[in-house]
């Protein structure tokens, strides 16, 4: 029998056919079906992290708007009649104390009238002394018969008339002294000058307002609160007031107006501000400013989620709940109070609900997601930075 020798090319072809046959035998229909199923399996839309709502104690606040006004204003007027104003010592914004001299009127005419009143008093006293001496002598001669009863009566009457003239002269002198006092306009109380109409050289009539001042420098916030919220407020309630310029102060409710406005159905709540609020030209609050504020009414328990978990779409707020099948469901919620980076959720969630935090803004209802731990997400975010 002859030995057949195969060429190298033939050997290579034979090996290819053998391997191909083995591969076809191993790749069964079951394996093919599994591969097709794997290829058709849905892919996760996003890798996310989740958390559960947390109960927290949040402050209860009542917001309101209003104006800043003076606690009380004092009008400083002229009490002099027909006198010329010679000196004005204060201007708008100056802080004054009770009794400080604000303006001075010319006292030349008043001093002349005062000197005349003093002279008239001295004359009345001299006449009264003479009348008293005559009346005393007449009374000593009453029983002697040297003077008639009518003459004695005349001396007594002259004495009484002289005494009355002394009283009248003293009253006239007091009037002139009072006029002299009125030539110096003094502050009726401590406070801040808020308006000035006094002009040097002007002759003011009695009752003319020269200055207006904020008594004791005290300001108040007059907040407008609707009638249904008034029962939550009482004197002593704290309020945080923020002015239009960004300044912020803490005040306390002094009183609540006894009436409600018929047009707006709101009442004024008077909040005392610290004295430093209106303490001078550079004070943060000014009378007439608009200010907003919040009354602090205590605390209450609330269910909160991270701010990142809230998604706002079409004007509504939503969160995404992670279901057991790794799909998410979009739930409409009503946000409430804020505390740092957490927001209160009013209804729609339970304490054990898994809420998507990272990636919530890129999801749609029904998406399949891949949940990872927060630490893993942070490590993945930091990897590109380390690579750089």
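Please treat every number below as a calculation from the coordinates, not as lab data. Please read these numbers as outputs of a predicted model, since none were measured by experiment. Cβ: placed from backbone, ideal geometry, glycine included. Neighbour counts: every protein chain shown.
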Handout entry: Neighbour-count ranking [beta-carbon atoms within 10 angstrom, fewest first] of 231, 327
Key = 231, 327
Handout entry: Where the Cα pairs of region 187-257 fall when distances are cut into 10 Å bins, in %
Key = 14, 31, 26, 17, 10, 1
Problem - region 107-182: mean projected area of Cα convex hull, nm² - result: 4.9
Practice task
Give the Cα extents of region 63-194 along the principal axes, in whole Å, largest first.
Solution key: 96, 39, 21
Practice task
Write down Rg/Rh for region 122-235, rounded to two decimals, with Rg from the C-alpha atoms and Rh from the Kirkwood relation over Cα pairs.
Solution key: 1.47
Problem - Between region 50-85 and region 97-141, the alpha-carbon center distance in angstrom - result: 52
Fill in the blank from the handout: Sorted on mean Cβ neighbours within 10 Å (highest first), peptides 240-246, 101-107 come out as 101-107, 240-246
Practice task
Please express the Cα-Cα pair-distance distribution P(r) of region 227-359 as a list of whole percents, one per 10 Å bin, running from 0 to the bin with the greatest distance.
Solution key: 10, 28, 23, 22, 13, 4, 0
